[in-house]
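Written out below as structure tokens is the structure these notes cover.
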Protein chains: 4
Amino acid sequence: MNPARLRKLRYAMVGGGRDGFIGAIHRHAMALDQRYELVAGALSSTPDKARASGKDLGLADDRNHGSWRDLLADELQRPPEERIDLVSIVTPNHVHHEVAHAFADAGFHVVCDKPLVHTSAQAQSLVDIVAQRGTVFGVTYNYTGYPMVRQAREMVAGGVLGPLRKVIVEYNQGWLATALDDNKQAGWRTDPARSGIAGAIGDIGSHAENLMHTVTGLEIESLCADLTSFVPGRKVDDDGNLLLRFAGGARGVLIASQIEVGCENDLRLRVFGENGSLEWHQEDPNRLIHAPIDGPRVTLTRGSPWLGEAAKKATRTPAGHPEAFIEAFANVYMGVANDIHARLATGQPAARSEADYPRVEDGARGVRFIEKTVESSKSDLKWTPFN
Amino acid sequence: MNPARLRKLRYAMVGGGRDGFIGAIHRHAMALDQRYELVAGALSSTPDKARASGKDLGLADDRNHGSWRDLLADELQRPPEERIDLVSIVTPNHVHHEVAHAFADAGFHVVCDKPLVHTSAQAQSLVDIVAQRGTVFGVTYNYTGYPMVRQAREMVAGGVLGPLRKVIVEYNQGWLATALDDNKQAGWRTDPARSGIAGAIGDIGSHAENLMHTVTGLEIESLCADLTSFVPGRKVDDDGNLLLRFAGGARGVLIASQIEVGCENDLRLRVFGENGSLEWHQEDPNRLIHAPIDGPRVTLTRGSPWLGEAAKKATRTPAGHPEAFIEAFANVYMGVANDIHARLATGQPAARSEADYPRVEDGARGVRFIEKTVESSKSDLKWTPFN
Amino acid sequence: MNPARLRKLRYAMVGGGRDGFIGAIHRHAMALDQRYELVAGALSSTPDKARASGKDLGLADDRNHGSWRDLLADELQRPPEERIDLVSIVTPNHVHHEVAHAFADAGFHVVCDKPLVHTSAQAQSLVDIVAQRGTVFGVTYNYTGYPMVRQAREMVAGGVLGPLRKVIVEYNQGWLATALDDNKQAGWRTDPARSGIAGAIGDIGSHAENLMHTVTGLEIESLCADLTSFVPGRKVDDDGNLLLRFAGGARGVLIASQIEVGCENDLRLRVFGENGSLEWHQEDPNRLIHAPIDGPRVTLTRGSPWLGEAAKKATRTPAGHPEAFIEAFANVYMGVANDIHARLATGQPAARSEADYPRVEDGARGVRFIEKTVESSKSDLKWTPFN
Amino acid sequence: MNPARLRKLRYAMVGGGRDGFIGAIHRHAMALDQRYELVAGALSSTPDKARASGKDLGLADDRNHGSWRDLLADELQRPPEERIDLVSIVTPNHVHHEVAHAFADAGFHVVCDKPLVHTSAQAQSLVDIVAQRGTVFGVTYNYTGYPMVRQAREMVAGGVLGPLRKVIVEYNQGWLATALDDNKQAGWRTDPARSGIAGAIGDIGSHAENLMHTVTGLEIESLCADLTSFVPGRKVDDDGNLLLRFAGGARGVLIASQIEVGCENDLRLRVFGENGSLEWHQEDPNRLIHAPIDGPRVTLTRGSPWLGEAAKKATRTPAGHPEAFIEAFANVYMGVANDIHARLATGQPAARSEADYPRVEDGARGVRFIEKTVESSKSDLKWTPFN
């Protein structure tokens, strides 16, 4: 199946209007491989802004809505050949649940940004409805789309490192080191009503958890968290440090901070097994360091011939022609597109290797991670069980 | 003018069919910002392959041609509202001239890959026809699209380094260290009939020359070249090393090689002035090192608040969320789109700051660079004048 | 006072015989600046080996002893002009206390390797005897001798980072990832009778604690530790991860591991304040990264003109001519020599800026760190108070 | 033979007095391994300064001379058990020849700094006298003492890279970007009467040539040089760029500059063969990058178990405990000491593997390199033959 011969998938976007950052990223990522076309939207919770934003994006007036409920109602009355295939939800976190649930319940495929929702109960309701409807539900843990992350996952799964002993995952940022009261991006992330109970640990700690789990497959057994809010007046954590214990005996450290001045978007992962280790840095994403126990360090590069299948499938350009953030994001969307097209063509989901994207269950685990981290941070006991 | 509210520009592609590498890159780059739509093509010089490739890309049958001449003829008889705005030429080098000339002569805007053509005479004919027709003609020296390259250019132009003294530019590759007889990419690049008189110096040396000139504005006064063909049986150079003398007294070294095992796509530039220096590496493109004479080295990063306007305009994601090769390529196409849209709207070219892309004159200078390098390499005299 | 005009200080070494690693390092470090001469020794706890080792080092027979008690007795009966100025103790840890106490009590200056002793009670007895005798007592936390560590300390003390918020210190090694039963270096480090109650946390965690404290001056208020022994049969920890809370509200993470395959001697420190951050890596010791909150990252290099006094005093070669591990070690010994020579000349200690070396109190704090870390690791409570 | 049981070699130093930089480096390097003791000197060409400097270093009055001729005369009348074994010559370049010749002629072993002398005729006279007297003559091309340089040499000699095709060697400095009229180090280096006919090409270009030759064994067949003096009023070159052709067909580029602002002591080497490449940077000297043609890049580190014998012999500390400039310098002196001690013990030179240091012939080749580079720079012909 040559994907280029398939029709483009029709999508609507909820959120992502003017001044938003992440909506534009999603649109770039969806455009890159020419598998999607934007046909409808409800791009803001403010109706006027929603419609002005839709106009910017060239939406037809009758598909440019002031609210997601109008969008949903309109789509449901359209003939199948016009109707959207999926909705992409890029609103602030507190809106995710009701929108995602409604569209999934109506049988639409969904892509939703992370963290998925505010509570594990909400997450479970999404897991359930997706299971009932049999639809696609992707969560844009976009960092898992990097080819070298997939290479790392394949190497760990293939036993290259031997049994795992230790994981260090960090997400270091510094942009919230001051109050930034009038910054739109900062505003909702530090307002508990919109961001949920967590600040840094929700916004970026959840990415760290997902990256770690995706690459290693390790299950957290218990955790010990110390969350702090350094900036005066801030209502959620802006710095979090965790000790982790995994089923099977491995240990871990997770650091997520938004007050580390000088750090931009420094997500990094180190995985140590009995027979070797891997190291990856998001800001230098085309390289993966592999240190085998019986030889010198090796630098694996994206696009080089000695990589595995997963990395190769996630690669568009030759070695040395770097790919980066948007391409990784696009890889998540490519997995979603493959899964939807497979269902359109055969009624069956695509094979996991073709539909390589984070699912609603990953989103749910991320929500539990946030809840348990906050619970641990308030506890006097060292270890808070994860399940 | 919000570019998203403008209609998408209609383009045809010549070359870039199945198995091609660079055609797909152009399409990704044109898709990224949603400013272009592919509506027609002649995607191969082999008619059957051309049409099969066009089918892959979803071209309508009546705009999917077996030759570029058919494409041109067809476009000329279509009504303006259907007709393409521009053609993107991504064929092997030897085809560039006749296609580019024909489309430019017919009044179409053109984007053409590099090196532009085989001879300075051909290049001049393109410069002339573009001047006569008043059309847009972009040359995809894509590396100039990197935000930190534009930052470097702005800093040099702004006098941050003081008068320039020395430039070292390198383009190190290793993929042609062996014969690779059955490799399509290698095949035409090492066949003088298709690549022209030069091998590495044409394929990548021309990028190095362009990067150097773009950033520094320096004009080569004379050069001294040593070209070698290391791989047995190869008919063109696969390694070239040059000393450069610039008008005004600056000196330079240019290295372009495709036999440097272990190098992937290692284009790098160092510029030294009286008061400071800059260093940039294509494989780590989000960083630019600035060393002022009176202080420690500084690492400038894409997306950070202390960059100039040119870099900011070429940026889609925040600092630490890396952009890379395709985004740089897309920046060249964004400049072309801005220029075409300005002409559509006002009949006038866009300001240079909005239409930041290499022009036909850059392509012509690149052709002269190749010619003079080959001439010097055959000469016993140390210095071959550039003009 | 030109140090070169002073007489060389006479020293004896206890421990450091054949096959030892650290004794030779101390001798290199003491030789480098030509301030010391080795005149006596008891180089092993095995008398024959001690004497053979002393012979290797050119000791005169009458000053080459089979035990440290003989050495001490002999020195005490020698005339002042022959007698050693100081003893350098480089035995396994369990021997430190009795040797150090005996020599200090007898009025000799002492340099002792780290961790200082096994218990806080032992440490206190050394603090007390040194106070009583008024002698010099240096502890070779050698990493504090690096010029860029001293630069970091000076910048933090000078308020360049503003109030500190967070510290991440790591000491990553991998050489004990397997049992190494027949390795002498591994042997005593993993035998509780000789290494003390801790393994990695004592051997290298104590260096991490010292580096952190030296640079930041922060006092640990409470800590939360998770120590693990991964290698089957190992009786002490080989991996430790800690959360730290400092007086004043700063937070920290400390990682010390000897099972992280691929890591050699990767001691690194990151310090984050309200106004900036610093980052230093022991394996790249001539650079210090400073990220101010209001500008781009700066790379400070050893030997460059914009460093402070402390770094300059610890520097022998110009910028770009790297100094490394032995030079840092020698800087500790240079501080000791300056202090001893000042006392010889004036009867008074040298100014702290001239006698820049870790003291017995630093050693004592390091012992407490080890004790409290082990205590915390066994506790179910999250936070174990430090004092 | 345990070197520690051998008596220390007695040396005199000529040059290296107060304010000198390189003399102190030599003394640190000679002290490090405790194989040498300074017993005599003529530390400056100014008698008063010479004697004051000797006093600083603790020389006995009767061995602290105002001129090298007095030193030589005095040594010749001393009994063998007092007499120096060798002289270390660390004067400005123009003094090297007469001192070195006189001491060698008198049968003393000699270590002399580089560049060896001003003319090939002078160099030949030293080669001849050393051959006649059968003495040791080392030239402190200190960078060849780095363990990873020796590893590179061993890998090239062992055929790991296959037949060599290309070498790029650079020595980038920036400290002479301005006139620095009152800087002692700059003063003699830019005065033709003392530095010789060349500036940067002599001072550092000769190091680059030596590093390249040492690692690769390649012989220059012809060269093409462009030397420039950028700083107004400077009488010698401060920037040099060369194309090289080697016997056997390999090609090279050599860059040596002292006006490249921001560069400290950036000597670096890249060697490309048919089957792989190596890359080494003096400012990061504990790493060597090896890229085999059939696998990913490998980072070899000093002290790791997979290195060859030459690197192991030049190593004092374990992997991850970096060694640097002074240790490399000391490795050259260790080779000299081994050679002298072998002759003392057996009357025969040590094996080359034990006496690993640059010889008078290397110094002579370096002088020829300077002469031919200057000749080429003045020539209109592209290629100047080397021999």
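Whose Cβ in chain C comes nearest the axis that rotates C onto B, and by how many Å?
Smallest Cβ distance to the axis, with its residue: C:298, 3.
Step through the residues of the stretch B:22-37 one at a time and calculate ³J(HN,Hα) from phi using the Karplus curve (6.51 cos²θ - 1.76 cosθ + 1.60, θ = phi - 60°), rounding each to whole Hz and writing x for Gly and Pro.
6, x, 5, 4, 4, 5, 4, 5, 6, 6, 3, 9, 6, 9, 10, 9
Suppose the chain between residue B:121 and residue B:351 were pulled fully straight at 0.36 nm per residue; how much longer would it get relative to their current alpha carbon spacing? Each step should come with its number before you reach the end.
Details: separation 230, 0.36 × 230 = 82.80 nm, distance 2.89 nm.
Net length gain for the segment: 79.9 nm.
In whole Å, what is the distance between the alpha-carbon centres of the stretch A:313-376 and the stretch B:6-46?
That distance is 26 Å.
In whole Å, what are the extents of the stretch A:246-323 along the principal axes defined by its C-alpha atoms, from largest to smallest?
35, 34, 24
Taking the Cα-to-Cβ direction at residue B:381 and at residue A:375 and moving 7 Å from each Cα, how far apart do the two end points lie in nm?
Result for the modelled spin labels: 8.4 nm.
Can you tell me which of B:171, B:357, B:36 moves the most in a GNM of chain B? Springs connect C-alpha atoms under 10 Å apart.
Answer for the Gaussian network model of chain B: B:36.
Can you list the copy-to-copy distances for residue D:309, using a point 7 angstrom from Cα toward Cβ, in nanometres, shortest first?
From this label point to the equivalent ones elsewhere in the assembly: 4.8, 5.2, 6.7 nm.
Specify the residue with the greatest mean-square fluctuation among D:349, D:296, D:92, computed from a Gaussian network of chain D linking alpha-carbon atoms under 10 Å apart.
D:296
Per DSSP helix of 4 or more residues, -39500 (n - 2.57); summed, then divided by the residues of chain A. What does that give at 222 nm, rounded to the nearest 500? Write out the running numbers ahead of the final one.
Values: 12 runs with 135 residues, N = 387.
Counting only the DSSP helices, I get -10500 deg cm²/dmol.
Decide, for the stretch B:16-60, between rounded, prolate and oblate: order the square roots of the alpha carbon gyration tensor eigenvalues as a ≥ b ≥ c, take rounded if a/c falls under 1.5, and otherwise choose prolate if a/b is larger than b/c, else oblate.
Details: a/c = 2.74, a/b = 1.58, b/c = 1.74.
Taking the square roots of the gyration eigenvalues as a ≥ b ≥ c, the stretch B:16-60 is oblate.
List the residues, sorted by chain then number, that are 5 or more residues from residue A:267 or on another chain and whose placed amide H is less than 5 Å from its amide H.
A:172, A:282, A:283
Which GluC sites (Glu not before Pro) in the stretch D:28-87 sit in a loop by DSSP (not H, G, I, E or B) and have at most 12 other Cβ atoms within 10 Å of their own Cβ? Before the final figure, lay out each step's value.
Numbers: sites: D:37, D:75, D:81, D:82; in loops: D:81, D:82.
Taking the stretch D:28-87 and a limit of 12 other Cβ atoms within 10 Å, the loop GluC sites (Glu not before Pro) found are D:81, D:82.
Out of the DSSP beta bridges found with both residues in chain A, what percent are antiparallel (nearest 5)?
Working: 39 of 64 bridges.
Antiparallel: roughly 60 percent of the beta bridges in chain A.
Given H placed 1.01 Å from N in the peptide plane, which residues other than close sequence neighbours of residue B:229 have an amide H under 5 Å from its amide H?
Amide H to amide H, under 5 Å and 5 or more residues apart or across chains, residue B:229 pairs with B:238.
Suppose we keep just the alpha-carbon trace of the stretch D:234-387; what are its Rg and Dmax in angstrom?
Cα-based Rg and Dmax for the stretch D:234-387 come out at 19.0, 54 Å.
Assign one of three labels to the stretch D:101-145, namely rounded, prolate or oblate, based on the Cα gyration tensor with a ≥ b ≥ c the square roots of its eigenvalues; rounded applies when a/c is under 1.5, prolate when it is not and a/b is larger than b/c, and oblate otherwise.
Details: a/c = 2.17, a/b = 1.28, b/c = 1.69.
Note, shape of the stretch D:101-145 comes out oblate.
Using a Cα-Cα cut-off of under 25 Å, which lysines could be cross-linked to residue A:235, ignoring same-chain neighbours fewer than 8 residues away?
A:114, A:184, A:372, A:378, A:382, C:166, C:382
Within 13 Å, Cβ to Cβ, of residue A:159, how many net charges do the neighbouring residues add up to if Lys/Arg are +1 and Asp/Glu are -1?
Working: positive: A:153; negative: A:154, A:274.
Surrounding charge for residue A:159 is -1.
Specify the residue with the greatest mean-square fluctuation among A:255, A:129, A:204, computed from a Gaussian network of chain A linking alpha-carbon atoms under 10 Å apart.
A:129
Give me the percent of Cα-Cα pairs in the protein assembly as shown that sit more than 65 Å apart, rounded to a whole number.
On the way: 190084 of 1197378 pairs.
For the protein assembly as shown, the share of Cα pairs beyond 65 Å comes to 16 percent.
HN-Hα J couplings of the stretch B:12-19 from phi, Karplus 6.51/-1.76/1.60, θ = phi - 60°, integer Hz, Gly and Pro as x?
Residue by residue, the stretch B:12-19 yields 10, 10, 10, x, x, x, 2, 6 Hz.
Can you list which of the chymotrypsin sites (Phe, Trp or Tyr not before Pro) found in the stretch C:193-274 are DSSP loop residues with at most 15 other C-beta atoms within 10 Å?
Details: sites: C:230, C:246, C:272; in loops: C:230.
Nothing satisfies the criteria.
Of the options B:127, B:308, B:87, report the single residue whose Cα projects farthest towards the positive end of the charge dipole of chain B (beta-carbon charges: Lys, Arg +1; Asp, Glu -1).
So the residue furthest toward the plus end is B:308.
Whole-Hz ³J(HN,Hα) for each residue in the stretch B:226-241, computed from phi via Karplus 6.51 cos²θ - 1.76 cosθ + 1.60 with θ = phi - 60°, x for glycine and proline: what do you get?
Ordered by residue, 3J(HN,Hα) equals 10, 9, 9, 10, 7, 6, x, x, 6, 9, 10, 5, 10, 8, x, 9 Hz.
Quick one: compute the contact order of the stretch A:60-112, relative version, from alpha carbon pairs under 8 angstrom and 6+ residues apart, as a percent.
Values: 38 pairs, mean separation 16.8, N = 53.
32 percent.
For chain A, what does the relative contact order come out to in percent, with C-alpha contacts under 8 Å and a separation of six or more? Present the calculation step by step, with values, prior to reporting the outcome.
Details: 855 pairs, mean separation 70.4, N = 387.
It rounds to 18 percent for chain A.
What residues of the stretch C:252-269 lie in the reach of a label at residue C:160, counting those whose backbone N is under 14 Å from a point 7 Å from the Cα along Cα→Cβ?
none
Within the protein assembly as shown, what percent of beta bridges assigned by DSSP are antiparallel, to the nearest 5? All intermediate terms of the calculation are to be shown ahead of the outcome.
Numbers: 164 of 264 bridges.
Antiparallel bridges make up about 60 percent of those DSSP assigns within the protein assembly as shown.
Just want the ordering: C:103, C:386, from fewest to most Cβ atoms lying within 10 Å of their own Cβ. Spell out each step's value before the answer.
Details: C:103 27, C:386 20.
By the 10 Å Cβ count, ascending: C:386, C:103.
Long-range amide H contacts for residue D:222: which residues qualify at under 5 Å (H placed 1.01 Å from N, peptide plane, sequence gap of 5 or more or a different chain)?
Under 5 Å from the amide H of residue D:222: D:245, D:386.
With N set to the residue count of chain D, report its C-alpha Rg divided by 2.2 N^0.38 Å to two decimal places. Working shown, then result.
Numbers: Rg = 20.6 Å, N = 387, 2.2 N^0.38 = 21.2 Å.
Normalised Cα radius of gyration, chain D: 0.97.
Pairwise over distinct Cα atoms, reciprocal of the mean inverse distance: report the Kirkwood radius of the stretch B:58-167 in Å, one decimal place. Numbers along the way, then the final one.
Working: mean 1/r = 0.0617 Å⁻¹.
Evaluated on the stretch B:58-167, it is 16.2 Å.
Can you figure out the FRET efficiency of residue A:193 with residue B:67, using R₀ = 51 Å and their beta-carbon distance, to the nearest 0.05? It would help to have the intermediate numbers written out before the result.
Details: r = 63 Å, r/R0 = 1.23.
The formula returns an efficiency of 0.25 here.
Distances in nm, one decimal, shortest first, from residue D:160 to the same residue in every other copy, taking the label point 7 angstrom along Cα→Cβ.
Nearest to farthest, the other copies are at 2.1, 3.8, 3.9 nm.
Find every distance from the label point of residue A:345 to the corresponding label point in the other copies (7 Å from Cα along Cα→Cβ) and write them in nm, one decimal, shortest first.
Result, one decimal in nm: 4.1, 7.6, 8.5.
Readers should treat all values here as calculations from the given coordinates under stated rules, not as data from a laboratory. Just so it is clear, the structure is predicted and the values come from calculations on it, not from any experiment. A quick note on method: Cβ atoms are made from the backbone with ideal geometry, for glycine too, and the neighbour counts reach across all protein chains shown.
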